[in-house]
Amino acid sequence: KLMLEEALGKFNFYSTAASRVATYFFILNPYLVGDVFIRNAFSEYSALCLSPLALYGLLRIRRRPVIGSLILGMSMALTITAHNLTALTVFALLAATALFLYPPLKTPLGFWKMIIGAAGLGLALAAFFWVPAIHYVSAVRSEENVLGKFDFHNNFESLWHLLGYDEFFSAGLLVPLVMVIAVSILLLPHPGNKLPGRGLFQFALGCSLFFL
């Protein structure tokens with residue numbers, strides 16, 4: 001909710017409606033629901049729930065650099081300690097979003113100092129977690145992590161399988177329906193539709209399709 005209000009501006013119809021709808025769909029996302037009630041993957045669930053806070057901090061830097069950088073740094077640290085694999089994906093998304101929101105050639109250097117400082121703060125706060133992990137990396141037997149059910153070669157399913165109802169990772173038809181509607185609104189606007197933040201939403205939709 002805070003993330004969309006920061007992107008669209010507060011106290012307007014677009015902000016109120018979009019933040020409410022986005023919150024409902026995020027909470028009821030089949031993957032998140034499955035994490036809690038099927039897989040008991042609470043660490044991944046926590047990291048995914050923290051990721052919008054990091055994006056909010058990145059957006060907040062535009063108006064309140066110090067507060068935004070603190071929110072970004074702390075949320076990055078929390079994401080790392082919750083689920084390090086999810087953190088890698090979130091950080092890649094944050095880097096792409098930062099380049100989109102703050103083009104290096106058009107943005108004052110002070111904004112990038114805040115972003116880089118926030119990244120450093122997040123890594124420093126989570127150092128108690130990742131420094132020992134790097135220290136003991138020699139004790140990891142990576143070849144044992146790709147045996148049996150952990151063999152990643154068997155984890156790539158067809159797109160139709162992901163949009164069906166057979167297994168846990170199936171999302172049903174609601175997710176593609178929402179994405180089709182989003183594409184229609186963003187790419188085929190009627191002349192009177194002046195949606196604020198259209199470029200940002202197009203970027204977010206592109207990222208969603210990429211990660212899908």
### Query
Which whole-Hz couplings ³J(HN,Hα) result when phi for each residue of region 122-128 is put into the Karplus expression 6.51 cos²θ - 1.76 cosθ + 1.60, θ = phi - 60°, listed in order with x for Gly and Pro?
x, 5, 5, 5, 9, 4, 4
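Assuming R0 = 35 Å, what is the FRET efficiency of VAL180 and LEU105, from their Cβ-Cβ distance, to the nearest 0.05? Kindly include the intermediate steps, with their values, before the conclusion.
On the way: r = 35 Å, r/R0 = 1.00.
Plugging the Cβ-Cβ distance into 1/(1 + (r/R0)^6) gives 0.50.
Rule-based calculations on the coordinates, nothing more; no lab input. None of these values were measured; they are calculated from a predicted model. Quick reminder, even Gly has a Cβ in these numbers, built from the backbone with ideal geometry, and neighbours come from all protein chains shown.
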